[in-house]
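The values are calculated or read from the model by the stated rules, or taken from the named source; none is laboratory data. If you're wondering where the values come from, they're calculated on a predicted model, not measured in any experiment. Cβ placement follows ideal geometry from the backbone for every residue including glycine, while neighbour counts extend to all protein chains displayed.
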Amino acid sequence: MIDAHSRAWWRATLALSLGSFLVFLNLYAVQPLLPELHRVHGVSTLVANLAMSLATLSLAAALLVFGPLSDAIGRGGIMRLTLLAAGGLSLVQGLAPNFEVLLSLRVLQGFVLGGLPAVAIAWMGDEFERSAMLPAVGLYIAANSLGGIAGRVIGGWVAEVAGIPASFLTVGSLTLVGVALFWRLLPAARGFAPRRFRLSEALGDLAGHLRQPDLRGAYLLGGLNFLVFINLYSYLTFRLSAAPFSLDARWLGLLFLTYLGGTLGSSLSGRLARRAAPPTCMALGTLLLAAGMAMTLAPSLAVILVGLTLAAFGFFLAHSMASGWVGRRARGARGSASALYLVFYYLGASLGGLWLEPFWRAGAWPGVLVGGGLVLVVTLTLAWRLRRWAAAEPSTQGMAEASASSPQTSARRSERPQADL
């Protein structure tokens, strides 16, 4: 097992963070282009947003495939090959003749982009010591936000200077260079124990995860928070592209530099987890997300940017905690447990437009914030319930430790993964 902050830990964490960066570089490069797609193709805001939501929906579906599959055949090959395919599809999108073909390619790309997120945290669970897990997850998720920033900034600026096709070609070329480096950096797996794939067992694993209240709460919390957060940015591009702000694609891309707040929130999550229970940190992150959203009501662009930075910090803090919680609490089949978290996560992103569009039509930007606020009330309730569960856990653990004094019990425990890994 790999110890925290060893040379092998840094190499593996760098490789997985680079892979995470490339996934979100490709996924979000289209987001600052939504107003331009809306204008050029004459489609509604909801249809333009399909370039994002369909990709995230197919990514969510892919997680149900790659997670269980990785438990059977290994994780490294899945990550390498799907990243390579994602870069190639970005290049092909640059040649798309119309909006319908672009959407089809985005659906296919979303599916292959699911390969790395489905298995990366499970790879860490196989290879890292427990003490190495949380800081690695924090850096990995920080790379999510950096990839999202880079995709949006590069996508917006290149599209404004050279057109939308050039934006996809640039992102695809950068991805292929990054894949070559990822391929070289990722260490060979040593802790992975393959399981023969059986559909009935895979479905049983998923059902077992859903029966765990501590996992189920984290799944819902992550998905509902992401429903609000990612679509907050999507609808804000429509608001800021109109008067009185009238920002073009270049400046809308720079808007996503506020994700740096999320990078900070993710990277600090490991330290915060040593001072407070993860559910408490999830609740804190959700409250900061709500506070940042409220600040975007201001008519000042500067205040809006501060609010977005605060919202990003809070969201990624909660996401890091929820994701790491799942990776450590899963009782076996970590690949499918982590994949199921991300299924909920990206389903939230995909369904957010359907939830928020009526609020946008009825009340414009204030309406979007009302719709998002209603969802955050639910996620705060979930965090509170997880906190109560975690507070009750020490007594349960004490009973388990007392019963573990016999050799038979110790042997049985050594044969299965522990819930708090």
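Restricted to the stretch 139-175, and to residues that are within 26 Å of residue 317 (Cβ to Cβ) and among the polar types (S, T, N, Q), which residue is surrounded by the fewest Cβ atoms within 10 Å (Cβ to Cβ)?
144
Counting only residues that are part of a helix (DSSP H, G or I) and under 12 Å from the mean Cα position of the chain (by Cα), which one in the stretch 113-137 is surrounded by the fewest Cβ atoms within 10 Å (Cβ to Cβ)? Reasoning before the result, please.
If we filter the stretch 113-137 for residues that are part of a helix (DSSP H, G or I), which is where we start, we get 113, 115-127, 130-137.
With the extra rule that they be under 12 Å from the mean Cα position of the chain (by Cα), the set shrinks to 113, 116-118, 120-121, 137.
Values: 113: 28, 116: 23, 117: 30, 118: 32, 120: 28, 121: 30, 137: 29.
Here the residue is 116.
Residue by residue through the stretch 58-81, note down the ones that are under 16 Å from the mean Cα position of the chain (by Cα) and either under 14 Å from residue 234 (Cβ atoms) or of a type in the set (Gly, Ala, Ser) (or both). If you could, list the steps in order and put the result at the bottom.
Applying the first criterion (under 16 Å from the mean Cα position of the chain (by Cα)) to the stretch 58-81 yields 58-64, 66-67, 79.
Selection gives 58, 60, 61, 62, 67.
Within the stretch 278-321, which residues are assigned to a helix (DSSP H, G or I), touching a residue at least 60 places away in the same chain (Cβ under 8 Å) and among the polar types (S, T, N, Q)?
Correct list: 280, 286, 320.
So, in the stretch 219-235, exactly how many residues are among the hydrophobic types (A, V, I, L, M, F, W, C) and either outside any helix (DSSP H, G or I) or out of contact with any Leu (no Cβ under 7 Å at 6 or more places or on another chain) (or both)? Talk me through it step by step, then tell me what you get.
Filtering the stretch 219-235 down to residues among the hydrophobic types (A, V, I, L, M, F, W, C) leaves 220-221, 224, 226-230, 232.
Now narrow it down to the ones that are either outside any helix (DSSP H, G or I) or out of contact with any Leu (no Cβ under 7 Å at 6 or more places or on another chain) (or both): 224, 226, 230, 232.
Summing the residues that are among the hydrophobic types (A, V, I, L, M, F, W, C) and either outside any helix (DSSP H, G or I) or out of contact with any Leu (no Cβ under 7 Å at 6 or more places or on another chain) (or both) in the stretch 219-235 gives 4.
Hey, among the residues in the stretch 265-277 that are without any contact (Cβ under 8 Å) to a residue 60 or more places away in the chain and aliphatic (A, V, I, L, M), which one's nearest to residue 317 (Cα to Cα)?
Result: 272.
State all residues of the stretch 253-276 that are under 21 Å from the mean Cα position of the chain (by Cα) and among the aliphatic types (A, V, I, L, M); if no residue qualifies, say none. Explain how you work it out, then say what you get.
So the first thing to find is which residues in the stretch 253-276 are under 21 Å from the mean Cα position of the chain (by Cα), and the list is 253-273.
Across the stretch 253-276, the qualifying residues are 254, 255, 257, 260, 264, 268, 272, 273.
Sort out which residues of the stretch 63-86 are surrounded by fewer than 23 Cβ atoms within 10 Å (Cβ to Cβ), part of a helix (DSSP H, G or I) and of a type in the set (Gly, Ala, Ser), and write them in order of number.
Selection gives 72, 76, 77, 85.
Can you tell me which of 257, 354, 252, 340 is touching a His at 6+ places or on another chain (Cβ under 7 Å) and closer than 25 Å to residue 50 by Cα?
Values: 257 fails: touching a His at 6+ places or on another chain (Cβ under 7 Å); 354 fails: touching a His at 6+ places or on another chain (Cβ under 7 Å); 252 fails: touching a His at 6+ places or on another chain (Cβ under 7 Å).
The conditions single out 340.
What number goes with the only condition from (1) over 24 Å from residue 350 (Cα atoms); (2) of a type outside the set (Phe, Trp, Tyr); (3) modelled with pLDDT under 90 that residue 47 does not pass?
(1)
Could you list all residues from the stretch 226-253 that are among the aliphatic types (A, V, I, L, M), buried (at least 17 other Cβ atoms within 10 Å of the Cβ) and under 16 Å from residue 34 (Cβ atoms)? Don't jump to the end; show me each part of the working.
Keep residues of the stretch 226-253 that are among the aliphatic types (A, V, I, L, M), which gives 227-228, 230, 232, 236, 240, 242-243, 247, 249, 252.
Okay, now just the ones that are also buried (at least 17 other Cβ atoms within 10 Å of the Cβ), so 227-228, 230, 232, 236, 240, 247, 249, 252.
Across the stretch 226-253, the qualifying residues are 230, 232, 236, 240, 247, 249, 252.
Search the stretch 358-383 for residues that are among the aromatic types (Phe, Trp, Tyr) and pair each with any residue that is buried (at least 17 other Cβ atoms within 10 Å of the Cβ) when their beta-carbon atoms are under 6 Å apart and the residues are at least 6 apart or on different chains.
Once the first residue is among the aromatic types (Phe, Trp, Tyr) and sits in the stretch 358-383, its partners that are buried (at least 17 other Cβ atoms within 10 Å of the Cβ) give 359/367; 359/368; 359/371; 360/235; 360/367; 360/368.
Can you tell me which of (1) out of contact with any Cys (no Cβ under 8 Å at 6 or more places or on another chain); (2) at pLDDT below 95 is the one residue 286 doesn't meet?
Failing condition for residue 286: (2).
Could you tell me whether the stretch 343-352 includes any residue that is at pLDDT below 85 and either touching a helix residue (DSSP H, G or I) at 6+ places or on another chain (Cβ under 8 Å) or outside any helix (DSSP H, G or I) (or both)?
At the first step, the residues of the stretch 343-352 found to be at pLDDT below 85 are none.
Checked the stretch 343-352: no residue is at pLDDT below 85 and either touching a helix residue (DSSP H, G or I) at 6+ places or on another chain (Cβ under 8 Å) or outside any helix (DSSP H, G or I) (or both).
Working carefully through the options 71, 3, find the one that is charged (D, E, K, R) and in contact with an Asp or Glu (Cβ under 7 Å, 6 or more places away or on another chain). Reasoning before the result, please.
Working: 71 fails: in contact with an Asp or Glu (Cβ under 7 Å, 6 or more places away or on another chain).
After ruling out the rest, the residue left standing is 3.
Assigned to a helix (DSSP H, G or I) and either on the phi > 0 side of the Ramachandran plot or touching a residue at least 24 places away in the same chain (Cβ under 8 Å) (or both): which single residue out of 207, 188, 202, 180 fits that description? Talk me through it step by step, then tell me what you get.
Details: 207 fails: either on the phi > 0 side of the Ramachandran plot or touching a residue at least 24 places away in the same chain (Cβ under 8 Å) (or both); 188 fails: assigned to a helix (DSSP H, G or I); 180 fails: either on the phi > 0 side of the Ramachandran plot or touching a residue at least 24 places away in the same chain (Cβ under 8 Å) (or both).
Going through 207, 188, 202, 180 in turn, the sole match is 202.
Of the residues in the stretch 262-277, how many are surrounded by fewer than 24 Cβ atoms within 10 Å (Cβ to Cβ) and assigned to a helix (DSSP H, G or I)? Give the steps one after another, and end with the answer.
Kept after step one, since they are surrounded by fewer than 24 Cβ atoms within 10 Å (Cβ to Cβ), are these residues of the stretch 262-277: 263-264, 267-268, 270-277.
Adding the requirement that they be assigned to a helix (DSSP H, G or I) leaves 263-264, 267-268, 270-273.
Looking only at that region, the number is 8.
Applying the selection to the stretch 28-55, what residues are under 21 Å from residue 145 (Cα atoms), part of a loop (DSSP other than H, G, I, E, B) and either small (Gly, Ala, Ser) or free of Cβ contacts under 8 Å to residues at least 24 places away in the same chain (or both)?
Within the stretch 28-55, 29 is the sole residue that qualifies.
Please find, among 59, 22, the residue that is buried (at least 20 other Cβ atoms within 10 Å of the Cβ), out of contact with any Asp or Glu (no Cβ under 8 Å at 6 or more places or on another chain), under 29 Å from residue 139 (Cβ atoms) and at pLDDT 95 or above.
Values: 59 fails: at pLDDT 95 or above.
Matching residue, one of 59, 22: 22.
Go through 178, 110 for me and flag whichever is buried (at least 20 other Cβ atoms within 10 Å of the Cβ) and either of a type outside the set (Val, Ile, Thr) or touching a strand residue (DSSP E or B) at 6+ places or on another chain (Cβ under 8 Å) (or both).
Values: 178 fails: buried (at least 20 other Cβ atoms within 10 Å of the Cβ).
Going through 178, 110 in turn, the sole match is 110.
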